[in-house]
Amino acid sequence: MPTAGSTSKYPEKIRNEGVSRMVEGHAPADAIVVGAGLAGLVAAAELIDAGKHIIVIDQEPEASLGGQAWWSFGGIFLIDSPEQRRFGVRDSLELARQDWFGTARFDREEDAWPRRWAEAYLEFAATEKRAWLRERGVKFFPVVGWAERGGYTATGPGNSVPRFHITWGTGPGVVAPFEAKLREGVAKGLVDLRFRHRMDELVVDNGAVVGVRGAVLAPDAAERGAASNRDVIDSFELRSPAVIVTTGGIGGNHELVRASWPKRMGVAPADMLSGVPASVDGRGLGIAEKAGARTINGDRMWHYVEGITNYAPVWAKHGIRILPGPSSVWLDATGVRLPVPLFPGFDTLGTLEHIAATGHGYSWFVLTQKIIEKEFALSGSEQNPDFTGKSIRLLLKRLGRGAPGPVEAFKEKGEDFIVAATLDELIAGMQAHSPDVELDTASVRYEIEARDREIANDFTKDLQVAALRQARTYLGDKLIRVAKPHRILDPKAGPLIAVKLHILTRKSLGGIETDLEGRALGASGEPIPGLYAAGEASGFGGGGMHGYRALEGTFLGGCLFSGRSAGRAVAAL
Ligand SMILES: Cc1cc2nc3c(=O)[nH]c(=O)nc-3n(C[C@H](O)[C@H](O)[C@H](O)COP(=O)(O)OP(=O)(O)OC[C@H]3O[C@@H](n4cnc5c(N)ncnc54)[C@H](O)[C@@H]3O)c2cc1C
């Protein structure tokens, strides 16, 4: 509520409009949830179910309720699900644990809580996660995707089996039940929901967090995901015995991403795309630190290497991630083919490190029309109107001839796509597109022709070709994900396509260190009374339950699990 004696230039009516829904006279809040993304909504839902009175604040307008999760593809990591079993995938907790720990590579003292979170999360994903979501009306597409295929040894990074379950309804389908619960809480007078309320400080009294201070921002009609104004029209202070920080990561703040970029990931490219809205600004982490919370693993981040420039951007530098099938030939900026096992969709971090070490912030896919039709999925709810709109009619079109509509639209309008009838034309188009870096045209030609020779060879020493053949033994891949192996230069498979791929910032794998109840820990390792954290702000649990790399579909799941844990712990106070 606007403070008395405010010097705001905005009249009181405007200040109150759309920014405060305080239910006058209701009981003092049992908890404050900062951030109405997925983690905040899940924590709030637990508190509402427990009959608690809560205040939920978010810096953005109501249009952006749900945060990043609304934009997400809704990919969910499950272990040994009926969907997997129906497609002949034999999964187990032991196999998933082997994959997780081989991928995470925990190697630090501060990984103690992240390791425990990883164990707890694996148990959740193998047992109650699916049923808990289904009870809330969340359903999954029957074909399970195979993300992060690895390509190393059994103990190395990657998923041994397909585990990426696409939510029927994508991100909005994951958000819906928790948003509905929030609205139910508002209707019952349990929730005081305040948009345009930005946390700037946690109120600390005698070492305990007892509330939140911040700024009331001016109303803004920005559409979902678009940057909103930062005009301060008032200040606020709210008190409560428990504050849950669910303010997300740092991916929208490139300055912070660069400052956190570790040497082992090479050099942060001068020009990166942004895979998240500007609201993912990382400020919440600094605010928690000032209140005494320890943040850990800030140098562990999960950015993508297959970013394309959005021709219809919603936020600044808006990029879309291609979720690639494995057939495209991957070249660095100079035209040299990426080494084994850096094939599309195999090892995101390994590929990022390799590309960054080349000194150029981009790479190229070379492929055919036949490959793009089957293998290009674009991550994001708005790029998948069939899954998002739960439309069988649109979905069937995806199975038919031609690339999905949004992919075709990028091919036509996207600045990163080059389409050509011959390899000469394609190479000339690539060079003209990026004249600053000299493309070794002879090398590109040699690589493509040599690779094509291996397609005609049943034995093959080209491990990418071998991987394509092996992938198609999985029915899900054969049906919708992996094109029948063919020569890139086969005119029947054309036209040829080259796609310039940028680095796309997305997730923070580190964050506020928490115990299994989501209690934020201080420098001594003891919980800070009153302070909790969940979601990306807590590294999806513990301050980084993924370690260095992720198996995919584990971020939404991490928000569900950590939001639920923190909400339950506060409800039990
Ligand atoms: C396009 C896209 C596709 C994705 N696809 C997948 C997928 O398929 N599977 C998967 O597992 N994950 C996916 N993700 C990642 C996943 O969606 C996010 O990691 C997750 O939703 C983060 O949720 P959160 O609640 O922790 O944070 P956020 O969603 O970032 O929410 C944080 C909220 O806090 C608010 N806030 C921040 N600071 C303050 C402050 N100081 N005061 C008040 N409010 C504040 C923000 O406005 C925001 O509403 C995807 C993400 C994107 C963007």
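The values are calculated or read from the model by the stated rules, or taken from the named source; none is laboratory data. None of these values were measured; they are calculated from a predicted model. With ideal geometry, Cβ positions are generated from the backbone for all residues, glycine too; neighbour counts draw on all protein chains shown.
Specify the residue that is farthest from the chain's Cα centre (by Cα); the eligible residues are those in segment 324-352 that are part of a strand (DSSP E or B) and buried (at least 24 other Cβ atoms within 10 Å of the Cβ). Out of the qualifying residues, it is Trp330. When Leu531, Leu501, Leu496 are checked against the criterion of being within 30 Å of Ala293 (Cβ to Cβ), at pLDDT 95 or above and hydrophobic (A, V, I, L, M, F, W, C), a single residue qualifies: Leu531. Within segment 52-77, the set of residues being more than 8 Å from the ligand (Cβ to nearest atom) and either of a type in the set (Asp, Glu) or part of a loop (DSSP other than H, G, I, E, B) (or both) comprises Lys52, His53, Pro61, Glu62.
Per the listing Glu536, Glu517, the residue uniquely closer than 19 Å to Arg568 by Cα and away from the ligand (no atom under 14 Å from the Cβ) is Glu517. Going residue by residue through segment 205-212, is there one that turns out to be near the ligand (Cβ under 9 Å from one of its atoms), in a strand (DSSP E or B) and farther than 16 Å from Gly67 by Cα? Yes: segment 205-212 contains one or more residues that are near the ligand (Cβ under 9 Å from one of its atoms), in a strand (DSSP E or B) and farther than 16 Å from Gly67 by Cα.
The single condition among (1) under 21 Å from Gly476 (Cβ atoms); (2) touching a residue at least 12 places away in the same chain (Cβ under 8 Å); (3) within 27 Å of the chain's Cα centre (by Cα) that Gly402 does not satisfy is (3). Among the candidates Arg487, Arg451, Arg481, Arg445, the residue that is surrounded by 13 or more Cβ atoms within 10 Å (Cβ to Cβ) and under 30 Å from the mean Cα position of the chain (by Cα) is uniquely Arg481.
Checking the conditions here, which among Gly137, Gly40 is under 17 Å from Pro172 (Cα atoms), within 15 Å of the ligand (Cβ to nearest atom) and either surrounded by 20 or more Cβ atoms within 10 Å (Cβ to Cβ) or touching a residue at least 40 places away in the same chain (Cβ under 8 Å) (or both)? Of Gly137, Gly40, the one residue that is under 17 Å from Pro172 (Cα atoms), within 15 Å of the ligand (Cβ to nearest atom) and either surrounded by 20 or more Cβ atoms within 10 Å (Cβ to Cβ) or touching a residue at least 40 places away in the same chain (Cβ under 8 Å) (or both) is Gly40. Of a type in the set (Gly, Ala, Ser), touching a Leu at 6+ places or on another chain (Cβ under 9 Å), in contact (Cβ under 8 Å) with a residue 40 or more places away in the chain and assigned by TED's automatic domain parsing to the domain that holds Val34, is that true of Gly214? So Gly214 fits the description; yes.
Yes/no per residue for (1) assigned to a helix (DSSP H, G or I); (2) more than 11 Å from the ligand (Cβ to nearest atom); (3) at pLDDT below 95; (4) surrounded by fewer than 17 Cβ atoms within 10 Å (Cβ to Cβ):
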| position | (1), (2), (3), (4) |
| --- | --- |
| Leu256 | yes, yes, no, no |
| Arg264 | yes, yes, yes, yes |
| Val267 | no, yes, yes, yes |
| Ala270 | no, yes, yes, yes |
| Leu285 | yes, no, no, no |
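Considering (1) closer than 30 Å to Glu412 by Cβ; (2) more than 10 Å from the ligand (Cβ to nearest atom), the lone condition that Glu552 does not fulfil carries the number (2). Select from segment 78-98 the residues that are among the acidic types (Asp, Glu) and closer than 18 Å to Arg130 by Cβ and write down the one among them that is nearest to the ligand (Cβ to nearest atom). The residue in question is Glu83.
Give Gly525, Gly510, Gly557 a once-over and let me know the one that is away from the ligand (no atom under 11 Å from the Cβ), under 22 Å from Pro157 (Cβ atoms) and at pLDDT 95 or above.
On the way: Gly525 fails: under 22 Å from Pro157 (Cβ atoms); Gly557 fails: away from the ligand (no atom under 11 Å from the Cβ).
That would be Gly510, the only listed residue that is away from the ligand (no atom under 11 Å from the Cβ), under 22 Å from Pro157 (Cβ atoms) and at pLDDT 95 or above.
Of the set (1) among the hydroxyl-bearing types (Ser, Thr, Tyr); (2) out of contact with any His (no Cβ under 7 Å at 6 or more places or on another chain); (3) within 26 Å of Arg198 (Cα to Cα), all apply to Tyr304 but (3). Among the conditions (1) within 22 Å of Tyr548 (Cβ to Cβ); (2) of a type in the set (A, V, I, L, M, F, W, C); (3) away from the ligand (no atom under 14 Å from the Cβ), Ile250 misses just one, which is (3).
When the residues of segment 140-188 are filtered to those that are of a type in the set (Phe, Trp, Tyr) and within 15 Å of the ligand (Cβ to nearest atom), which remaining residue is surrounded by the fewest Cβ atoms within 10 Å (Cβ to Cβ)? Here the answer is Trp168.
Against the condition over 19 Å from the mean Cα position of the chain (by Cα) and within 24 Å of Ala533 (Cβ to Cβ), how does Glu135 come out, does it pass? Talk me through it step by step, then tell me what you get.
On the way: over 19 Å from the mean Cα position of the chain (by Cα): yes; within 24 Å of Ala533 (Cβ to Cβ): no.
So Glu135 does not fit the description; no.
Of the residues making up segment 188-217, those that are of a type outside the set (Asp, Glu) and out of contact with any Asp or Glu (no Cβ under 9 Å at 6 or more places or on another chain) are Lys188, Gly189, Met199, Leu202, Val204, Asn206, Gly207, Ala208, Val209, Val210. Within segment 346-366, residues that are charged (D, E, K, R) have Cβ atoms under 9 Å from residues that are modelled with pLDDT of 95 or more and buried (at least 19 other Cβ atoms within 10 Å of the Cβ) in these pairs: Asp347/Glu148; Asp347/Arg149; Asp347/Gly150; Asp347/Gly151; Asp347/Pro157; Asp347/Gly158; Asp347/Pro341; Asp347/Arg549, counting only partners at least 6 apart in sequence or on another chain.
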